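Peer 1: A single structure is presented below for examination.
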Amino acid sequence: MSGSGRVRVAFVGKGGAGKSTIAGTFARLLGRAGRSVLAIDSDPLPGLPYSLGVAVDDRPIPDDAVTEGPPGGPRWVLAPHLDPEALIRRHGRVCPDGVRYLQFGNLRGHVAALQKAQHAWSQTVSELDRHRWDVVGDLPGGTRQPMFGWAKYAEVVCVVVEPTAKSLHTARRLLTLSKSRWAPQTVAVVASKVRGPDDAELIGSRLGAEVLAAVPHSDPVLAGDRRGAAPLDADPEGDFAKAVGVLVERVLSLYPAAAKERS
Amino acid sequence: MLGSVPADEVIVVADLEAGIGTLTRLEEARVDVTVIVAEPTPRSIDVAARAAAVAAERRQGRVIVVANKVTGDDDRQRVARALGGTEVVAVPLDAAVEEADRDGVSPLDRSPGAPAVAALEGLADLIAGHPGRGRPDVG
């Protein structure tokens, strides 16, 4: 892990497994602990705003944030008046617990409309000051983006898995990220929507991997989801929040410098 | 790929990726019916509304919204209100479906009489043009 003491985590998994719900809560708990957190979402229909507790905003990063890139380089690069910090200040939304949230836009038509915004987003994420920000990323469901390197900013990739056959099937594929050219330093399994210790054990044994943390099915969180409330607002002290708190601790423990900072 | 299937001989049921990406890339007017599945949550309803707009704009046939995992008429109404004017079929939250999902088997094989399965039979009849055999809760 980097010695900066800042964590870089991405959440992947099958659609509906609970990635966004866990990622948003994870980001807010880090923010609540006084850390500078940038939550990022590479889903053109992002779910992270709901779990962070901010309204959905369709406005993309504007086209004038980029200019044509150099020959042989990326097609678009950040405009001269912008660097990653400036872009975050201008377009990163302020969320509860001090988290900043950066998305490239919210899809209404063809994804090509977001191309410039995607370039601005990617450059910002890759050139971010790693001594300043914890990065918490949420990817779209499935394997496509992770396998194409969209989580390459992350040192820890959490594969979120429900105790269902379909979710386990996707997770098996995602665990091969550890052997890919984009391999993060750690690929961890996070059991989601578990209804007891048996479920987490089942997930671990089916995947042949250790479960870093188990996050329970939660009726209060589900009820909050139906009325558009973030998990931490719907059930601040509940089992779901506690379990994500355990996950935060376990991820931080993977970073010796972060552990030292806390002690 | 859809274009290579003899439409008069075969019924094609395609399960697209989550979101609207595939729908935006699908050639115009390639399907007879677009079924959009939405849970009664703001996030899911928002995606469904965007999908319905894309399907209509790209002339992807009749649009039917499935309000999935509903626990009462409030849930169905919430989806129907947001998708104003679109046919809505309610499929109830059903423990039998969750159990089948956990075991990796089809709900149709595990619990053919389950309420969610019955609702989906109604949807199939609605699409295939046999209304009345099933009992879809259409709003």
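Peer 1: With the other protein chains left in place, how much accessible area per residue, in square angstrom, belongs to segment A:8-262 at a 1.4 angstrom probe?
Peer 2: The answer is 43 Å² per residue.
Peer 1: Roughly how large, in nm² to one decimal, is the mean projection of the convex hull of the alpha-carbon atoms in the protein assembly as shown?
Peer 2: For the Cα atoms of the protein assembly as shown, the hull's average projected area reads 21.1 nm².
Peer 1: For segment B:2-128, rounded, prolate or oblate, judged on the Cα gyration tensor with a ≥ b ≥ c (square roots of eigenvalues), a/c < 1.5 rounded, else prolate if a/b > b/c?
Peer 2: oblate
Peer 1: Now, a different point. Say each of residue B:109 and residue B:81 gets a label point 7 Å from the Cα, pointing the same way as Cα to Cβ; how far apart are those two points in nm?
Peer 2: Placing both labels 7 Å along Cα→Cβ, they lie 4.1 nm apart.
Peer 1: Quick check for you: which residues of segment B:40-64 have the amide N under 19 Å from the point 7 Å beyond the Cα of residue B:128 toward its beta carbon?
Peer 2: Flagged as within label range: B:62, B:64.
Peer 1: Moving on to the next point. Exceeding 19 Å between C-alpha atoms, which entries from my cross-link table qualify? They are A:19/A:179; A:193/A:242; A:152/A:193; A:152/A:179; A:242/B:69; A:116/A:179.
Peer 2: A:19/A:179; A:152/A:193; A:242/B:69; A:116/A:179
Peer 1: Now a separate question. Nearest 500 deg cm²/dmol is fine: what mean residue ellipticity at 222 nm does chain A get from its DSSP H runs of n ≥ 4 alone, each adding -39,500 (n - 2.57), divided by its residue count?
Peer 2: It comes out at -11000 deg cm²/dmol, rounded to the nearest 500.
Peer 1: With a Förster radius of 35 Å, plug the Cβ-Cβ distance of residue B:121 and residue A:145 into 1/(1 + (r/R0)^6) and report the FRET value to the nearest 0.05.
Peer 2: Computed FRET efficiency for residue B:121 and residue A:145 comes out at 0.50.
Peer 1: When the label point is put 7 Å from the Cα of residue A:75 along its Cα-to-beta-carbon vector, which residues of segment A:116-143 have a backbone N closer than 11 Å?
Peer 2: A:116-119
Peer 1: Under DSSP H, which helices of chain A have Cα atoms covering 20 Å or more of the helix axis and a Kyte-Doolittle average no less than 0.0?
Peer 2: Details: long enough: A:239-253 (21 Å, 0.95).
Those that pass (Cα extent of 20 Å or more, hydropathy at least 0.0) are A:239-253.
Peer 1: Based on the Cβ-Cβ distance from residue A:83 to residue A:178, what FRET efficiency comes out when R0 is 35 Å, to the nearest 0.05?
Peer 2: According to the calculation, E is roughly 0.60.
Peer 1: Which listed residue (A:122, A:191, A:238) has the Cα farthest towards the positive end of the charge dipole for segment A:108-246, taking +1 on Lys and Arg C-beta and -1 on Asp and Glu C-beta about the Cα centre?
Peer 2: A:122
Peer 1: Please give, to one decimal in nm, the separation of the simple spin-label points placed at residue A:58 and residue B:4, each 7 Å out from Cα toward the Cβ.
Peer 2: Each label point is offset 7 Å from its Cα along the Cβ direction, giving 3.7 nm.
Peer 1: Next question, about the same structure. With +1 on each Lys and Arg Cβ and -1 on each Asp and Glu Cβ, and nothing else charged, work out how big the dipole of segment A:190-263 is about its Cα centre, in Debye to the nearest 20.
Peer 2: It works out to roughly 180 debye.
Peer 1: Given R₀ = 41 Å, what would the calculated FRET efficiency be for residue A:186 paired with residue B:32, taking r from the Cβ atoms and rounding to 0.05?
Peer 2: E(calc), rounded to 0.05, equals 0.30.
Peer 1: So for the pair residue A:90, residue A:227, with labels modelled 7 Å out along Cα→Cβ, what separation do we get in nm?
Peer 2: Taking the simple label geometry, residue A:90 and residue A:227 are separated by 3.9 nm.
Peer 1: Dipole size in debye (nearest 20) for chain A around its Cα centre, Lys and Arg Cβ +1, Asp and Glu Cβ -1?
Peer 2: 480
The values are calculated or read from the model by the stated rules, or taken from the named source; none is laboratory data. Because the structure is a prediction, the values reported are computed rather than measured. Every residue, glycine as well, gets a Cβ built from its backbone with ideal geometry; the counts of neighbours run over all protein chains shown. Quick note on the areas: whole protein, heavy atoms, side chains included, nothing else; ligands and nucleic acids left out. Shrake-Rupley method; radii C 1.70, N 1.55, O 1.52, S 1.80 Å.
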